[in-house]
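The values are calculated or read from the model by the stated rules, or taken from the named source; none is laboratory data. Bear in mind that the values here come from a model prediction, so they are computed numbers and not experimental data. Here the Cβ positions follow ideal geometry from the backbone for every residue, glycine too, while neighbour counts run over all protein chains shown. In case anyone asks, the SASA skips ligands and DNA or RNA and just uses the protein heavy atoms, side chains included. Shrake-Rupley method; radii C 1.70, N 1.55, O 1.52, S 1.80 Å.
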Amino acid sequence: MKVIKFGGSSVASAKQLNKVLAIVKSDPDRRFVVVSAPGKREQTDKKVTDLLITYYHTVKEKKDPSAIVAEIFSRYQQIATDLALTEPLELLAQLKNLAQTADFTDPYLLDRFLSTGENLNAQLVAEFFKHAGLAARYLDPKELGITVTAEPQNARVLNESYEKINHWKDSAEILVIPGFFGYTQAGNICTFSRGGSDITGSIVAAGVKAELYENFTDVDGIFAANPKFVHKPELMKCATYREMRELSYAGFSVFHDEALMPSFKANIPVVIKNTNNPDSPGSTIKQSHAEDQNQIVGIASDDGFSSINISKYLLNREVGIVGKVLRILEERNVSFEHMPSGIDDISIILRSHQLDQVKEEELLRAIAYEIDPDSLVIEHGLSVVVLVGEGMKYQPNITADSTAALARKNVNIRMLSQGAGEVSIVFAIKSEQERAAVRSLYYTFFD
Ligand code: ASP
């Protein structure tokens, strides 16, 4: 059997939901349907989840929430009307109830608001399926058995969930499950990080040991490079879990990176497909490649990085220096992404949003005091470009070809690193050169 998840744009209107119905009906193996909250219908539209955040703040600021409640409800009502379903008044009651019972000392209150987008939508979609003659029902993640850690807006699934979910594998009905949240052991609703309905789909697939996890979105699959930089890039036919992890880390936003783990552990292939073009084969993520696979599967990039560069003569002979630097970062709750080092220097590449001016100065002062470097500079405005492919292990030319590709476009490499896993090569460059770098790498390895 298959688990199928539909993202926000696939469930944003009656027109889209009719496509969803046709997709579910076309394959009797599609038994578990996970849905997001209604997303954008067009570019300028708002996602229901974002409207729910506004609702939360309106109540918090003790303002009248009736306008925002009406706006959110109208999204569901419009869909129900267009699908000729009965007036979904019980959804309105659930929406209003959020404000009526809001307790701002409750650490899970925002999670309750956030989860309502998916929760109402799953009820509506189940109703629609039944109306269309399918044996279907809504299933609350609590009944299903999704138990999560007590980390508001950042939950992780607990292992005990899988066994409970497994009990549902032979359900006679198609189960429609809201994505994005589970319940803590104490019974509180707790959401995953944003975009987390993908995670729910993966957990359900692992729990019921599905043969496939189908993730339907609004693109034909995963592109080998960002289409903002490259005209009509190739679609990836297949990537391994490891490759996908590397790619999604550096800005591939098609599939939530935390969603890979449950499928990976249970060895369930994931396919990313397009609700608007379901016949296209999509991109498959699985354990390993076919023999004839390209060495490089994709190029990802992201901006918003900074690098702290520390130089000190004979740094290589000082024991414990890296430990000191890491402790300084840890004490200030700053995480780093890469830390290449040379004989006399270390660079620490981190996401810039973690630093404000005060934190930055404090950090540099602490490093200067503890390490006493000859030079200490912080550089902002960096991008990280990642070239990914498990096949590069067997090829001696990849690093040479990629650095040559960057040199051809005068891209100055600020940092280059390749982990021992040899699944990726990471470059840090100036952000204004990101586009040129991605393009040059793409045309070197793909065209
Ligand atoms: N609705 C949630 C969000 O917008 C989760 C999801 O769509 O996956 O983040």
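Would you please list the contacts, defined by Cβ atoms under 6 Å and residues six or more apart or on different chains, that run from a residue in region 142-157 that is farther than 16 Å from residue 202 by Cα to a residue that is open to solvent by 40 Å² or more (accessible area, probe 1.4 Å) and assigned to a loop (DSSP other than H, G, I, E, B)?
149/156; 152/107
I need a count of the residues in region 33-67 that are more than 16 Å from the ligand (Cβ to nearest atom) and open to solvent by less than 20 Å² (accessible area, probe 1.4 Å).
0
Out of the residues in region 107-133 that are among the acidic types (Asp, Glu) and touching a residue at least 60 places away in the same chain (Cβ under 8 Å), state the one that is nearest to the ligand (Cβ to nearest atom).
First, the residues of region 107-133 that are among the acidic types (Asp, Glu): 111, 118, 127.
If we keep only those that are touching a residue at least 60 places away in the same chain (Cβ under 8 Å) as well, we get 111, 118.
Working: 111: 12, 118: 6 Å.
In this case the residue turns out to be 118.
Among (1) among the charged types (D, E, K, R); (2) part of a strand (DSSP E or B); (3) modelled with pLDDT under 95, there is one condition residue 393 misses while meeting the rest; what is its number?
Just one mismatch for residue 393, condition (2).
Condition first: buried (at least 21 other Cβ atoms within 10 Å of the Cβ) and without any contact (Cβ under 8 Å) to a residue 40 or more places away in the chain. Can you find one or more residues in region 355-370 that meet it?
Scanning region 355-370 turns up no residue that is buried (at least 21 other Cβ atoms within 10 Å of the Cβ) and without any contact (Cβ under 8 Å) to a residue 40 or more places away in the chain.
Only one of 213, 162 is crowded, with 23+ Cβ neighbours inside 10 Å, aromatic (Phe, Trp, Tyr) and away from the ligand (no atom under 14 Å from the Cβ); which? Quick ask: steps written out before the conclusion?
Working: 162 fails: crowded, with 23+ Cβ neighbours inside 10 Å.
213 is the lone residue from the list that is crowded, with 23+ Cβ neighbours inside 10 Å, aromatic (Phe, Trp, Tyr) and away from the ligand (no atom under 14 Å from the Cβ).
Quick test of your reading of the structure: residue 410 fulfils all but one of (1) crowded, with 16+ Cβ neighbours inside 10 Å; (2) part of a loop (DSSP other than H, G, I, E, B). Name the failing condition by number.
Tallying (1) crowded, with 16+ Cβ neighbours inside 10 Å; (2) part of a loop (DSSP other than H, G, I, E, B), residue 410 fails exactly one: (1).
What single numbered condition from (1) out of contact with any Lys or Arg (no Cβ under 6 Å at 6 or more places or on another chain); (2) more than 15 Å from the ligand (Cβ to nearest atom); (3) of a type outside the set (A, V, I, L, M, F, W, C) fails to hold for residue 154?
Against the list (1) out of contact with any Lys or Arg (no Cβ under 6 Å at 6 or more places or on another chain); (2) more than 15 Å from the ligand (Cβ to nearest atom); (3) of a type outside the set (A, V, I, L, M, F, W, C), residue 154 comes up short only on (2).
Just to be sure, is residue 106 within 25 Å of residue 219 (Cα to Cα) and open to solvent by 10 Å² or more (accessible area, probe 1.4 Å)? Walk me through how you get there before you give the answer.
On the way: within 25 Å of residue 219 (Cα to Cα): no; open to solvent by 10 Å² or more (accessible area, probe 1.4 Å): yes.
No.
Report yes if some residue within region 250-268 is within 15 Å of the ligand (Cβ to nearest atom), farther than 27 Å from residue 421 by Cβ, open to solvent by 10 Å² or more (accessible area, probe 1.4 Å) and outside any loop (DSSP other than H, G, I, E, B); otherwise report no.
no
Taking the conditions exactly as written (at pLDDT 90 or above, at positive phi and buried (at least 18 other Cβ atoms within 10 Å of the Cβ)), does residue 304 satisfy them or not? Lay out the reasoning, then the answer.
Numbers: at pLDDT 90 or above: yes; at positive phi: yes; buried (at least 18 other Cβ atoms within 10 Å of the Cβ): no.
For residue 304, the condition - at pLDDT 90 or above, at positive phi and buried (at least 18 other Cβ atoms within 10 Å of the Cβ) - is not met.
Condition check: over 20 Å from residue 321 (Cβ atoms), of a type in the set (Val, Ile, Thr) and in contact (Cβ under 8 Å) with a residue 24 or more places away in the chain. Does residue 388 satisfy that? Even if it seems obvious, please write down each step before you answer.
Values: over 20 Å from residue 321 (Cβ atoms): yes; of a type in the set (Val, Ile, Thr): yes; in contact (Cβ under 8 Å) with a residue 24 or more places away in the chain: yes.
It is true that residue 388 is over 20 Å from residue 321 (Cβ atoms), of a type in the set (Val, Ile, Thr) and in contact (Cβ under 8 Å) with a residue 24 or more places away in the chain.
Evaluate the following for residue 309: is it closer than 30 Å to residue 357 by Cα and touching a residue at least 60 places away in the same chain (Cβ under 8 Å)?
Details: closer than 30 Å to residue 357 by Cα: yes; touching a residue at least 60 places away in the same chain (Cβ under 8 Å): yes.
Judged against the criteria, residue 309 is a match.
Please name all residue pairs, on different chains or six or more residues apart, with Cβ atoms under 6 Å, provided the first residue is in region 197-223 and is β-branched (Val, Ile, Thr) and the second residue is modelled with pLDDT of 95 or more and part of a loop (DSSP other than H, G, I, E, B).
Once the first residue is β-branched (Val, Ile, Thr) and sits in region 197-223, its partners that are modelled with pLDDT of 95 or more and part of a loop (DSSP other than H, G, I, E, B) give 199/192; 200/179; 208/169; 217/7.
Take the residues in region 402-439 that are over 22 Å from residue 346 (Cα atoms) and among the basic types (Lys, Arg), then tell me which one is farthest from the chain's Cα centre (by Cα).
Keep residues of region 402-439 that are over 22 Å from residue 346 (Cα atoms), which gives 402, 404-410, 423, 432-439.
Filter once more, so that each one left must be among the basic types (Lys, Arg): 408-409, 435, 439.
Working: 408: 33, 409: 31, 435: 22, 439: 24 Å.
This residue is 408.
Select, from 96, 130, the only residue that is in contact with a Lys or Arg (Cβ under 9 Å, 6 or more places away or on another chain), part of a helix (DSSP H, G or I) and not β-branched (Val, Ile, Thr).
Working: 96 fails: in contact with a Lys or Arg (Cβ under 9 Å, 6 or more places away or on another chain).
Step by step, each of 96, 130 is checked, and only 130 is in contact with a Lys or Arg (Cβ under 9 Å, 6 or more places away or on another chain), part of a helix (DSSP H, G or I) and not β-branched (Val, Ile, Thr).
Return the residue satisfying two criteria in turn: it lies in region 109-122 and is under 16 Å from residue 61 (Cβ atoms) and aliphatic (A, V, I, L, M), and of such residues it is most open to solvent (accessible area, probe 1.4 Å). Don't jump to the end; show me each part of the working.
Of the residues in region 109-122, the ones under 16 Å from residue 61 (Cβ atoms) are 109-110, 113.
Remaining after also requiring aliphatic (A, V, I, L, M): 109-110.
Details: 109: 1, 110: 36 Å².
Among those residues, the one meeting the criterion is 110.
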